[in-house]
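One structure follows; several queries about it will come next.
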């Protein structure tokens, strides 16, 4: 009797799991470009890491949690049927796919927050000649070239807010930097030293100097 009850419970549990998975899949299934736009907006909010003491959180624990959520974003994208869309809308779908693939590659392979000290460089004096910086950068860099000096009161406040990220981020760096990439360490430490010399803005650089 007990064995029969156990088998019945197991079957019911399996059916509920399959039904729940079907409901989730059905909820994500779509052929609407508007749904892609909503997904893209949600994705861009997710892609920016949460804050830890006022700085982007690149700790291993947070990345492990976020990677599980990331898989749901991949599923949402894959359940959007773009086969009958015009080319310009299909391009939008592939752009979102490319961004998600980049996130996945960064997480699994590159891991600059764990392998490259230069990732923690915060102050950029000159505008990059590409839309984003050529090397990996964190999510809260200070683009000093966007400021006009002498600063207005509002710009002074903006700069102070920008620079407030540096101290907590540099506090994270020695915890996060556990990767073994000798060349990146050599060039990365050089970049941090140069930044310290050029800006003379934050003493925490002595962690790497």
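The values are calculated or read from the model by the stated rules, or taken from the named source; none is laboratory data. As the structure is a prediction and not an experimental result, all values here were calculated from the model. We place every Cβ from the backbone using ideal geometry, glycine too, and count neighbours over all the protein chains shown.
For the structure I just gave you, tell me whether residue 56 is within 28 Å of residue 163 (Cα to Cα) and free of Cβ contacts under 8 Å to residues at least 40 places away in the same chain.
When the stated conditions are applied, residue 56 does not pass them.
It is to be established whether one or more residues within segment 131-139 are in contact (Cβ under 8 Å) with a residue 60 or more places away in the chain, out of contact with any helix residue (DSSP H, G or I) (no Cβ under 8 Å at 6 or more places or on another chain) and either assigned by TED's automatic domain parsing to the domain that holds residue 37 or surrounded by fewer than 15 Cβ atoms within 10 Å (Cβ to Cβ) (or both).
For segment 131-139, residues in contact (Cβ under 8 Å) with a residue 60 or more places away in the chain, out of contact with any helix residue (DSSP H, G or I) (no Cβ under 8 Å at 6 or more places or on another chain) and either assigned by TED's automatic domain parsing to the domain that holds residue 37 or surrounded by fewer than 15 Cβ atoms within 10 Å (Cβ to Cβ) (or both): present.
Going by the conditions given, is residue 82 under 28 Å from the mean Cα position of the chain (by Cα), at pLDDT 95 or above and not in a helix (DSSP H, G or I)?
Considered against the rule, which asks whether it is under 28 Å from the mean Cα position of the chain (by Cα), at pLDDT 95 or above and not in a helix (DSSP H, G or I), residue 82 comes out as yes.
Listed residues 75, 65; which is closer than 29 Å to residue 31 by Cα and in a helix (DSSP H, G or I)?
Of the residues listed, the single one that is closer than 29 Å to residue 31 by Cα and in a helix (DSSP H, G or I) is 75.
Taking segment 60-76 on its own, how many of its residues are touching a residue at least 40 places away in the same chain (Cβ under 8 Å) and surrounded by 16 or more Cβ atoms within 10 Å (Cβ to Cβ)?
2
Please specify each residue of segment 157-196 satisfying the condition of being in a loop (DSSP other than H, G, I, E, B), at pLDDT 90 or above and either farther than 13 Å from residue 123 by Cα or touching a strand residue (DSSP E or B) at 6+ places or on another chain (Cβ under 7 Å) (or both).
Hits for segment 157-196 are 165, 177, 178.
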